[in-house]
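See below for the structure under consideration.
The values are calculated or read from the model by the stated rules, or taken from the named source; none is laboratory data. In this text the structure is predicted, and so the values were computed from the model without any measurement. Reconstructed Cβ throughout: ideal geometry from the backbone, glycine too, with neighbour counts over all protein chains shown. Remember, those area values only see protein heavy atoms, side chains included, never the ligands or the DNA or RNA. Shrake-Rupley method; radii C 1.70, N 1.55, O 1.52, S 1.80 Å.
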Amino acid sequence: MKAGLASSVVVIAVVYIIIGGLVFRAIEETNDIEQRSEIQSTLRTFFNQSDDGLLRLDEVKKILPTIRKSYEYGVDVNEAIAGSNSSSSSSTSSFSNWDLYSSTFFAVTVVTTIGYGNSALKTDFGRIFCLFYALAGVPLCMLALVVVGQQEKRFIYFVARKMAFGFRENEQRMHLFTTLLVSVGGSVVFVYLSAVVFMKCEEWNYGEAIYFCLITLLTIGFGDYVAGWSKSTNGVWYRILIAVWILFGLSWCSIVISVCQDLYNDLIERTSKMAGTVGSIIESSVKSKVESISKHSADSSMSLEKKESSFKATSAHDNTKPTKSSSLTDIEE
């Protein structure tokens, strides 16, 4: 693919993601703020009714659906209960799960098929729009990732040829070296070093950070660990970098698959050539053996024919030779 066309595909994909984020925000934000405000108000009213801090079982059963709903909308129950004064209440209810970054990040998880599941569309119109958005966005995103992967692959092959002084002319060794360079180098950058960053920023341990990196880059996306979701601890730029890391990490995965495919094709080609060479050697050996056997059979046949002719000639000569008795009879006569 030409460089200009490749750049256009990437730009279109980025613009498509941003537009999707804006549309998701416009559809979901108002409903999200209203639902969060209602949940907070219900929780505050319920817990403020009990002066002695004791709750009856029937009251707990009534509030459980609201508590479950608060988890779905990301409402902190403790903050909702503590926010009984007006200033805290207004600041808490004005928060939205569908700000510009969150909605754009949601669009990224849709078109990359990661789908963490930590945030979901609540309105019917948003769900319908998401279906059509994914139908066009997933192929476009995959194409953009392939384009970025091809450019990165060319750069990696260039670096590999500069580094591989001893076996530049050996294509099989070059493919093997490039595969190792892509796999090991990409793992260090997109998994091990990235896990250190997530461990520091998200307050995870290293195992949890590695787990998040692999689950994300393999597009499994369970949603039990999501980086950048705690808006109080990290800034907007950190969350933007997470989206960039996801896109480049997925392109790296496509490079690994492509390079492994090149290595596999080269191995198959060399194996076919080797099999053809071995087959030719076996064929020539069998052919020479058959010719040798045929020649030996022909020589044996000729030898038998000569022996048979010689035997016949000897027999004929013996039949024409006079015997001793016949000679004596002739003399008496």
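Looking at Trp229, Trp237 in this structure, which one is out of contact with any helix residue (DSSP H, G or I) (no Cβ under 7 Å at 6 or more places or on another chain), modelled with pLDDT under 90 and not in a loop (DSSP other than H, G, I, E, B)? Before the answer, list the steps.
On the way: Trp229 fails: not in a loop (DSSP other than H, G, I, E, B).
From the options Trp229, Trp237, the qualifying one is Trp237.
Would you confirm whether any residue within the range 103-113 is of a type in the set (Phe, Trp, Tyr) and modelled with pLDDT of 80 or more?
The answer is yes, given that some residue of the range 103-113 is of a type in the set (Phe, Trp, Tyr) and modelled with pLDDT of 80 or more.
Going through the range 247-294 one residue at a time, which ones are under 13 Å from the mean Cα position of the chain (by Cα), touching a residue at least 12 places away in the same chain (Cβ under 8 Å) and more than 30 Å from Val15 (Cβ to Cβ)?
The answer is Cys260, and nothing else.
Report, by residue number, each residue of the range 78-98 that is at pLDDT 65 or above and crowded, with 17+ Cβ neighbours inside 10 Å.
Scanning the range 78-98 gives Ala80, Ser96, Asn97, Trp98.
State all residues of the range 141-163 that are open to solvent by 30 Å² or more (accessible area, probe 1.4 Å) and touching a residue at least 12 places away in the same chain (Cβ under 8 Å); if no residue qualifies, say none.
Scanning the range 141-163 gives Leu143, Val146, Val148, Gln150, Gln151, Glu152, Lys153, Ile156, Tyr157, Val159, Arg161, Met163.
Which residues, taken from the range 236-283, are under 30 Å from Ala107 (Cα atoms) and small (Gly, Ala, Ser)?
Across the range 236-283, the qualifying residues are Ala243, Gly249, Ser251, Ser254, Ser258.
Which is more than 19 Å from Leu64 (Cα to Cα), at pLDDT below 85 and open to solvent by 40 Å² or more (accessible area, probe 1.4 Å), of Leu22, Leu5?
Answer to the selection: Leu5.
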